Amino acid sequence: MSNTQFLAAIQKITAGGLPLDELLVAANGLEPDHARQLYQVWISFNKDNPLLFIAHFNCSTLLQQVGDEQGGEAELKAALALKPDFAPACINLGSSYERRGMAKEAVDEWRKGVEMMSAVSGDAINYKTTLLKQISRVLADNQALAAAEIALNQCLDLAPDARDVSEQFVAARLSQCKWPMTPENSKVTRRQLLSRLHPLSVCAYTDDPLFQLAASDKYVRIMAPVEDRTTRFDRRSAPIETNRKLRIGYVSSDLRHHAVGYLMVNFFEEHDRKDFEVFAYYTGIKADDPIQARIKASVDHWRDIRGVTDDEAAAKIAEDGIDILIDVNGHTRDARLGVFARRPAPIQVNWLGYPGTMGSSFHHYIVADDFTIPAYAESWYSEKVVRVPC
């Protein structure tokens, strides 16, 4: 929309003749700053409009897009003052608090939203489920595990088929050492909970290697479906060039102040640079600590792939011409299973972060010693075991 059309829309608002549906269309065709101004003018001239809360909500989104969290929060509060049960505004307001490091305020806001939705049906079920998921996630991150478990149990009542909620519910009980870790919920049986266990939780639940392999296999088939495995990034048959250094890529969320970071920092510093070119692909939380600084300084290439899609990350890895791609996460938090499913490197390896089997067809090897994987256990791994001396 041109400046002329923008000014025409402003004039129509001031004359009292721009309905909300036309405002939405007009704002959609503008640059964010002009769209924000359009909403703010409309709001000032339509104080008695029954749909005013929608304009406040849309204006908040535009403000948050340009980093004005507090301005966005003011608009969300205005929307909720007009319509207290408007769940999208409640969800976004809590998320804004969380981004500003205000975890308690975020949880309090989401809890208010849950209380406003005592009777739920249709879309309200999805909104209430989202609110409870947000509450449980932030509580768990802040080690309020008992409260997180309560929220997850409520969530299961609403969404008994939600695999991710089942996984988090069991994980919360595990973290509290509560047994049995798979109690029956009013809507979910113990058998259903067991069938939805995350591979990492299975490792705590049982040492049965066949169960662990089956759980990993099922998880991979759900989280990395076949359609994700055949893409333009597939380099499983790519020849390894012999006229250059071998390119090794490490994908990890833990190259920072973390147990894995402490284990690997000297490893990277001592890595053979004569025959190998080393790439690090970081997927974890934003960090700026001495361990990460040392790792960054010791690799040839540091790639931050936080917040990028699996397609984008796989494209970058393929573009880098990686020969051996190492999954340092395995089935742990912030893993990028979907990246490996796209096979951006001809050889892909599971190492260090997860000593169990990935249960996938696209992790070709696992590096281990005789203590980690005894010889008799190899048949329960989907990967070929590459042994290092103990």
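The values are calculated or read from the model by the stated rules, or taken from the named source; none is laboratory data. Bear in mind that the values here come from a model prediction, so they are computed numbers and not experimental data. So basically every Cβ, Gly included, is an ideal-geometry build from the backbone, and we count neighbours across all protein chains shown.
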Name the residue, out of Gly356, Gly321, that is at pLDDT 95 or above, small (Gly, Ala, Ser) and touching a helix residue (DSSP H, G or I) at 6+ places or on another chain (Cβ under 9 Å). Gly356
The one condition in (1) in contact (Cβ under 8 Å) with a residue 40 or more places away in the chain; (2) touching a Leu at 6+ places or on another chain (Cβ under 9 Å) that Arg163 fails to fulfil: (2)
Exclusive hit being part of a loop (DSSP other than H, G, I, E, B), modelled with pLDDT of 95 or more and not acidic (Asp, Glu), set Gly261, Gly284: Gly284
If you check Ala215 against the conditions, is it assigned to a helix (DSSP H, G or I), in contact with a Pro (Cβ under 8 Å, 6 or more places away or on another chain) and either outside the structural domain of Ala87 (by TED's automatic domain parsing) or surrounded by 16 or more Cβ atoms within 10 Å (Cβ to Cβ) (or both)? yes
Do we have any residue at all in region 169-184 that's assigned by TED's automatic domain parsing to the domain that holds Val114, part of a helix (DSSP H, G or I) and in contact with a His (Cβ under 9 Å, 6 or more places away or on another chain)? yes
Assuming Ile222 fulfils every condition listed in (1) among the aliphatic types (A, V, I, L, M); (2) closer than 25 Å to Asp323 by Cβ; (3) under 23 Å from the mean Cα position of the chain (by Cα) apart from one, which condition is it? (2)
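How about region 347-390: which of its residues are charged (D, E, K, R) and either touching a His at 6+ places or on another chain (Cβ under 9 Å) or in a loop (DSSP other than H, G, I, E, B) (or both)? Walk me through how you get there before you give the answer.
Start the filter on region 347-390 by keeping residues that are charged (D, E, K, R), which leaves 369-370, 378, 383-384, 387.
Within region 347-390, Asp369, Asp370, Glu383, Lys384 qualify.
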Matching residues in region 1-21 - criterion: being free of Cβ contacts under 8 Å to residues at least 12 places away in the same chain and not in a helix (DSSP H, G or I): Ser2, Ala15, Gly17, Pro19
